[in-house]
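For reference, the structure is listed below as C-alpha cells.
Readers should treat all values here as calculations from the given coordinates under stated rules, not as data from a laboratory. It should be emphasised that the depicted structure is a prediction, and the values quoted were computed from it without experimental measurement. Cβ placement follows ideal geometry from the backbone for every residue including glycine, while neighbour counts extend to all protein chains displayed.
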Amino acid sequence: MAKTPHAETETSDARSRLVSAALRLFAEKGYEGASTREICEAAGVNISAIRYYFGDKAGLYRAAFTEPMGESPCGANIAEYADLPLPEVLHRFFGEFLEPLKKGEELGLVMKLHFREMIEPTGAWQQEIDAEIKPQHDGLVALLQTHLGLDRADDDLHRLAFSITGLAVHFYVGQDVIAAVSAPLLNSPAAVDTLAERLAGYAVSMVAGEAARRAQGGEHAA
C-alpha cells in the first residue's frame, strides 16, 4: 500500500527529529554517554525508530555527524566548474564551503560533535576524511596544478591547497572567537556570502604569489 502524503511527512518529521535530538545529545555526552532511549525520548519517537531509519545507534551517529552539514560536502563540486576562470572557481568553491555557516546554532552543535569525535573517535572522522575531505583536497590540488601549469603536484602545491582551504576552516573552528571579536562577519546569510567573495579574492592573490615565487626560481619542494 502506497504511503499517503501525510504519512510521508510524518516519516520525514520523525527522522528529522531523531537526527536533531541525536546531534544535540551526542555533542553534549558523546557516543557512549548518550543512550538511544534518551535520544528517542527527546525526539518523541519509539525506540524502534532508530532501527527503522538508521539500522542501529552507529547509523544514527553517522547521520547526526554528517547530515546537518547539507547534502553536498563543503567545496566538493570544484571539478564541475574547474574550466571557469580561477576567480570564479574559487568564489564558487568558498560559496559552497561556507554555506553551512548560515545554519546558525545547529552548526555550533555540529562543530562540538566533530571536536568530540577527534578526542573520542568512533571512526566517523576517518570516514569523513576518506569520503569528503581528501577528495575535496585532491580536486583543489588538481585545479591549482592545471592553473600553474605544473607536471605534477609537489609539496608546495599541497601547502597552497591546504592554506586556501584553511582560510575557510578558521571560520568554522573559530566561531566563538569571531563572534566575540567581530560578530557581523557571520551574523547573516549575506555576511557569509560576502565572506566567500572576500576569501576567493585572498586565495587568488595567494595563487598569484605562488606563481611569482616559482617564476623567480623559488626553491621547490619535492
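For Glu120 and Ala211, the difference between the fully extended length at 0.36 nm per residue and the C-alpha to C-alpha distance is 28.7 nm. Rg then Dmax, both in Å and based on the Cα atoms of the chain: 20.5, 71. Exposed loop sites here mean GluC sites (Glu not before Pro) with a DSSP loop assignment and at most 12 other beta-carbon atoms within 10 Å; the chain contains its longest site-free run at 72-218.
In what order do Leu98, Leu107 fall by count of nearby beta-carbon atoms within 10 Å, going from fewest to most?
Result, fewest neighbours first: Leu107, Leu98.
Can you sort Ile39, Ile119 so the residue with the fewest Cβ neighbours within 10 Å comes first?
Details: Ile39 28, Ile119 7.
Taking fewest neighbouring Cβ atoms as first place, the list is Ile119, Ile39.
Among residues other than Phe26 with Cβ under 15 Å from its Cβ, the summed charge is -2 (Lys and Arg +1, Asp and Glu -1).
How high is the FRET efficiency from Val169 to Asp56, r the C-beta distance, R0 30 Å, rounded to 0.05? Could you put the intermediate results ahead of the total?
Values: r = 31 Å, r/R0 = 1.04.
With R0 = 30 Å, the Cβ-Cβ based efficiency is 0.45.
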